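A short worksheet on the structure shown next.
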Amino acid sequence: FYMNILLTNDDGIHAPGLKALYKSLSTENRVFIVAPETEQSAVGHAITLTDPIRVKEIHNNDQLFGYAISGTPADCVKIALADLLEVKPDAVVSGINLGANVGINLLYSGTVSAATEATILGLPAIAVSLDTFTNPDFTYAADFIRRLIKTLPSLDLAPRVCLNVNVPSLPQSQIKGVVWVKQYQAGFKENFFRRLDPRGNVYYWQGGEKPSSNLDPDSDMSLLAQKMITITPLKYDLTNHRELDRLSGYRIEP
């Protein structure tokens, strides 16, 4: 089995999650890396318009490892397809992100936005995250994506749909299964921690807290917590079609 795969992320080109994916995917595929030079977490689908986008070659052991981009994850996908790659990739993989991307976080995630940008440009894509921020072991998640990407042709995804994958931070023997799930819709309870710097100026650290009750039992957040690998098909169309149909009967004078 062989594919040309573009690999990117939002944690930066030197992130261990990206390196784990490269190690796993490159055993069976030709992998190209175009990733942010520095961490770009929570930048969403931002693109760079008012600054130049700088590109640096990154080498390991005198071999080209990939291209480091001064912009965002979406920039990486755009410039990779527009200029950097000699061949059009068969798929794009974004990750492995440190920390889950579930619920409302999908709107903020640079990891997910790189995958949705790929679908806008006509390529199948997978975003993958590991549900931990401490002592991550990306090995199993990377191997799961290596196996999942083989199924992309048979999945026959609709145009402009990508897959958002979240993997529990557990040994394979403790993972209870793989489920297709919807995105959790409620927001987080947010906290802003007020501080003073040495000169008496106020600043804040933003924190977040996952909802502890009333979780939708069929959602990504709930089933990930139950030790399941969750996969959510995503599209970037933000139209509320039900409301559009309802409101189309209301006439408003120009």
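The values are calculated or read from the model by the stated rules, or taken from the named source; none is laboratory data. Note that the structure is a prediction, hence the values are computed from the model and not measured. With ideal geometry, Cβ positions are generated from the backbone for all residues, glycine too; neighbour counts draw on all protein chains shown. Quick note on the areas: whole protein, heavy atoms, side chains included, nothing else; ligands and nucleic acids left out. Shrake-Rupley method; radii C 1.70, N 1.55, O 1.52, S 1.80 Å.
Quick notes on this structure:
- Translational D in µm²/s for the stretch 14-103 (Stokes-Einstein at 4 °C, 1.567 mPa s, Kirkwood Rh from C-alpha pairs): 93 µm²/s
- The stretch 145-189: trypsin sites (Lys or Arg not before Pro) in DSSP coil with no more than 15 other Cβ atoms inside 10 Å: 150, 176
- Using 0.36 nm per residue and subtracting the Cα-Cα separation, the extra length available between residue 253 and residue 158 on full extension is 30.4 nm.
- For residue 186 and residue 243, a Förster radius of 30 Å and the Cβ-Cβ distance give a FRET efficiency of 0.95, rounded to the nearest 0.05.
- Per residue, the average separation of C-alpha pairs within less than 8 Å and at least 6 apart gives the chain a relative contact order of 18 percent.
- Here Cα Rg over 2.2 N^0.38 Å was calculated from the structure, and among [x] 1.07; [y] 1.12; [z] 1.28 it sits at label [x].
- Split the accessible area of the stretch 117-163 by element, probe 1.4 Å, and carbon with sulfur accounts for 54%.
- Accessible area per residue in Å² at 1.4 Å probe, computed on the chain: 56 Å²
- Surface composition of the stretch 16-93: carbon and sulfur atoms hold 46% of the protein heavy-atom accessible area at a 1.4 Å probe.
- The gain in end-to-end length when the residue 120 to residue 170 segment is fully stretched comes to 14.7 nm, 0.36 nm per residue minus the alpha carbon separation.
- Pairs beyond 21 Å (Cα-Cα), from 56/78; 56/150; 78/182: 56/150; 78/182
- Estimated FRET transfer efficiency when R0 is 30 angstrom, pair residue 201-residue 14 (beta carbons, to 0.05): 0.40
- Pairwise FRET efficiency - residue 51 versus residue 236, Cβ, R0 = 22 Å, nearest 0.05: 0.35
- Measuring between their Cα centroids, the stretch 96-114 and the stretch 234-254 lie 27 Å from each other.
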